[in-house]
Amino acid sequence: MLVLASASPRRRQLLSQVGYIFDVIPAHINEDVRPGEEPLPYVKRLAREKAEAIFASLANPKAVVLGADTTVTLDGTILGKPESPADAARILSLLSGRTHQVITGVAVVASGGTQVAAETTGVQFSALSQKDIASYIATGEPMDKAGAYGIQGRAARWIPRIEGCYFNVVGLPLSLVSTLLASAEVHP
């Protein structure tokens with residue numbers, strides 16, 4: 001029994017796309033960044049805490065739980081989900097004309113133990129005008145996404161290049177996840 005510990009519709013879609021059958025039980029944990037916490041340890045910690053919380057709540061010792069967390073970083077600063085349209089505008093202005101990193105931490109928890117890993121992808125953004133930013137925010141698309149954009153949506157037109165896994169930027173690095181799940185004896 002595979003369980004995805006995430007409410008993300010994008011993660012559900014990606015995991016289904018490669019053939020996994022799973023249940024969804026979103027984890028509700030504190031996602032605040034700890035003082036001095038760097039982006040990579042942050043996403044790995046959240047992925048592990050999400051997966052462990054759901055695994056602990058299940059009465060099935062054969063369950064395997066997948067947790068994930070994605071963040072956007074620029075110059076070592078975590079740019080999470082925007083808190084407001086003004087915050088989305090601030091984040092998009094920071095990303096404009098620059099290359100940032102998208103990091104997804106993934107954790108697989110089973111009775112045999114916990115595996116935690118992460119994937120990093122570089123994403124280049126074109127320069128955005130204030131009009132571009134305002135019209136994008138008006139769509140509502142950036143409001144529930146780390147870094148205030150979705151590469152699979154309207155923002156794709158501003159991304160001329162990525163270096164690394166595309167699926168990582170969407171929210172779930174499928175090759176890495178498949179490797180971790182295979183080592184836990186879970187296959188599509």
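Each reported figure results from applying straightforward, stated rules to the coordinates on display, with no laboratory input. Here the structure is a predicted model, which is why all the values come from computation and not from measurement. Note: ideal-geometry Cβ built from the backbone for every residue, glycine included; neighbour counts use all protein chains shown.
Principal axis lengths of region 6-55 from Cα atoms, whole Å, largest first?
Extents along the principal axes, in whole Å: 38, 19, 15.
Sort 106-115, 82-91, 32-41 by packing, meaning the average of other beta carbons within 10 Å per residue, with the highest value first.
Averaged packing, sorted descending, gives the order 106-115, 82-91, 32-41.
How large is log10 of I(q)/I(0) for the chain at q = 0.10, 0.11, 0.19 Å⁻¹ when the intensity is taken from the Debye formula with one equal scatterer per alpha-carbon?
For the chain at q = 0.10, 0.11, 0.19 Å⁻¹, log10 I(q)/I(0) is -0.39, -0.47, -1.25.
In square nanometres and to one decimal, what's the mean projected area of the convex hull around the Cα atoms of region 58-143?
In nm², the orientation-averaged hull projection of region 58-143 is 7.3.
Place a point 7 Å from the Cα of Ser93 along the Cα-to-Cβ direction; which residues of region 117-158 have their backbone N under 16 Å from it?
Residues passing the 16 Å test: 127-138, 148.
Would you mind getting me the FRET efficiency between Leu58 and Ile162? Use the beta-carbon distance for r and R0 = 35 Å, nearest 0.05.
Once rounded, the FRET efficiency stands at 0.45.
Which shape class, rounded, prolate or oblate, goes with region 104-145 when its Cα gyration tensor gives a ≥ b ≥ c as root eigenvalues, a/c under 1.5 marks rounded, and past that a/b bigger than b/c marks prolate?
Because a/c hits 1.5 or more and a/b fails to exceed b/c, region 104-145 counts as oblate.
Once the Cα gyration tensor of region 82-188 is found, what semi-axes does its equivalent ellipsoid get, as square roots of 5 times the eigenvalues, in whole Å, sorted largest first?
On the way: eigenvalues 200, 39, 23 Å².
Listed largest to smallest, the semi-axes of region 82-188 are 32, 14, 11 Å.
Please compute the contact order of region 2-183 in relative form: average sequence separation of alpha-carbon pairs under 8 Å and at least six residues apart, divided by the residue count, as a percent.
Relative contact order comes out at 22 percent.
With no solvent and one equal point scatterer placed on each C-alpha of region 130-188, evaluate the Debye formula and give log10 I(q)/I(0) for q = 0.23 Å⁻¹, two decimals.
These q points yield log10 I(q)/I(0) values of -0.92.
Find out how many positive minus negative residues lie around Asp132, taking Lys and Arg as positive, Asp and Glu as negative, among other residues whose Cβ is under 11 Å from that of Asp132.
Every neighbour counted, the sum reads +3.
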